[in-house]
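Novice: Here it is, the structure, as structure tokens.
Nothing in this text is a laboratory measurement; each read-out follows from the coordinates by a stated rule. Not measured: the values here are computed from a predicted model. Positions of Cβ are generated from backbone atoms using ideal geometry, with glycine treated the same way; all protein chains shown enter the neighbour counts.
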Amino acid sequence: MITITYYGHSNVLIQNERVKIVIDPFFTNNPLNTVSDIHAIKPDYIIVTHAHSDHIGDTVVIAKHSSALVVSNFEIVNRIRKSGINAHALYISGTMSIPGGWLKFTPAAHGSSFEDGAYGGLAMGVLIHLDGKTIYHAGDTGLTYEFKGLGELYDIDLALLPVGGNYTMDVKDAAVASRWLNARLVVPIHYDTWDLIKLHQEDIEEHLKPVVPVQLIAVGKSFCME
């Protein structure tokens, strides 16, 4: 059984009995954060989709405490290795094995830079295959025809898609992406963190649910995939 826990924004924990993977661990300064002790998460892997501070978040702090392996693009890995943490550089279309499965980075239509303005490599999404299930976290992205290709190449059971608009896709664009992906279920992410990306429930009802089954996960809550 795979458990998906949503920590707000794009911060998601994916785990089964063998492995714990946290994606974009943005806790500190996250207005939606409900976790009082981030050290209690203790992931085996931390995936960073791009270098923006609301995605790289607490990566270094969590990795130092848990000895997790950080997986990200070459530029991010080179930077955070200077903090003495264990990291593996992977890039778009690169695949690596994890216990009981694999992960693979995919293209994302978005920027990537550190807080000081330094180049953070290309933004990415990630496919994670565990227990015979394929989960897709799109990262920060606009609507792109890449979704069509992913839907043709992979049997996607769950797609975690940004829907807040302004910086990423909105609900209408996510509905198109869902059709192209042929995902069995969509979980919206990257919304409500700030007023600028406020999600309106009526948009989900009108535009997304007629296209694909949708599972909204409250911040701090979990959803199980059998």
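Novice: Quick one: dipole size for the chain, taken about the Cα centre, charges +1 on Lys/Arg Cβ and -1 on Asp/Glu Cβ, in debye to the nearest 20.
Specialist: 620
Novice: Inverting the mean 1/r over all pairs of different Cα atoms, compute the Kirkwood radius of the stretch 20-146 and quote it in Å.
Specialist: 14.7
Novice: Further question on the same structure: Report the antiparallel proportion of the DSSP beta bridges in the stretch 2-220 as a percent, rounded to a multiple of 5.
Specialist: 60
Novice: Got the relative contact order for the chain handy, in percent, Cα pairs under 8 Å and 6 or more residues apart?
Specialist: Relative contact order for the chain comes out at 19 percent.
Novice: Provide the percentage of antiparallel DSSP beta bridges, counting only those with both residues in the stretch 1-64; round to the nearest 5.
Specialist: That works out to approximately 75 percent antiparallel.
Novice: Compute the label zone of SER222 within the stretch 96-126: residues whose backbone N is under 19 Å from the point 7 Å along Cα-to-Cβ.
Specialist: Flagged as within label range: 99-100.
Novice: Points 7 angstrom from Cα along the Cβ direction at LYS209 and MET96: gap in nanometres?
Specialist: 4.0
Novice: So what J values fall out for the stretch 21-27 if you push phi through Karplus, 6.51 cos²θ - 1.76 cosθ + 1.60 with θ = phi - 60°, rounded to Hz, Gly and Pro as x?
Specialist: In residue order, the calculated couplings are 10, 10, 10, 6, x, 8, 10 Hz.
Novice: What are the extents of the Cα atoms of the stretch 2-220 along their three principal axes, listed from largest to smallest and rounded to whole Å?
Specialist: The Cα atoms of the stretch 2-220 stretch 47, 36, 33 Å along the principal axes, largest first.
Novice: Among SER93, MET169, LEU122, flag the residue with its Cα farthest along the positive direction of the charge dipole of the chain, charges on Cβ as +1 for Lys/Arg and -1 for Asp/Glu.
Specialist: The Cα lying farthest towards the positive end belongs to SER93.
Novice: Past 31 Å, Cα to Cα: identify those pairs from LYS133/LYS221; LYS42/LYS172; LYS104/LYS221; LYS148/LYS198, in the order given.
Specialist: LYS42/LYS172
Novice: With an 8 Å cut-off on Cα pairs and a minimum separation of 6 or more residues, tell me the relative contact order of the stretch 63-124 in percent.
Specialist: The normalised contact order for the stretch 63-124 reaches 27 percent.
Novice: Quote the FRET efficiency, to the nearest 0.05, computed for LYS148 versus THR3 with a Förster distance R0 of 22 Å and r equal to the Cβ-Cβ distance.
Specialist: The calculated FRET efficiency here is 0.15.
Novice: With charges set only on the Cβ (+1 for Lys and Arg, -1 for Asp and Glu), what does the dipole of the stretch 1-115 come to about its Cα centre, in debye to the nearest 20?
Specialist: The dipole magnitude comes to about 300 debye.
Novice: Sorting TYR154, TYR6 on the 10 Å Cβ count, fewest up front, what's the list?
Specialist: TYR154, TYR6
Novice: Once each part is reduced to its C-alpha centroid, what is the distance from the stretch 203-226 to the stretch 33-106 in angstrom?
Specialist: 26
Novice: Also, I was wondering about something else. How tilted is helix 171-181 with respect to the longest principal axis of the chain? Cα atoms for both, answer in degrees (0 to 90, nearest 10).
Specialist: 80
Novice: What number, in percent, do you get for the relative contact order of the stretch 96-224 if the mean sequence gap of Cα pairs under 8 Å and at least 6 apart is divided by its residue count?
Specialist: For the stretch 96-224, the relative contact order is 18 percent.
Novice: Also: Please compute the length gained on full extension between ALA40 and ASP131, using 0.36 nm multiplied by the number of residues separating them and subtracting their Cα-Cα distance.
Specialist: In short, 30.3 nm is gained.
Novice: Calculate the all-directions average of the projected area of the stretch 109-226's alpha-carbon convex hull, and give it in nm².
Specialist: Averaged projected area of the stretch 109-226's Cα convex hull equals 8.0 nm².
Novice: Can you work out the FRET efficiency for the pair ARG81 and SER53, with r the C-beta to C-beta distance and R0 = 22 Å, to the nearest 0.05?
Specialist: My answer for the efficiency is 0.75.
Novice: Continuing with this model, one more query. What is the distance, in nm, between label points placed 7 Å from the Cα along the Cα-to-Cβ direction at ASN182 and at THR28?
Specialist: 4.4
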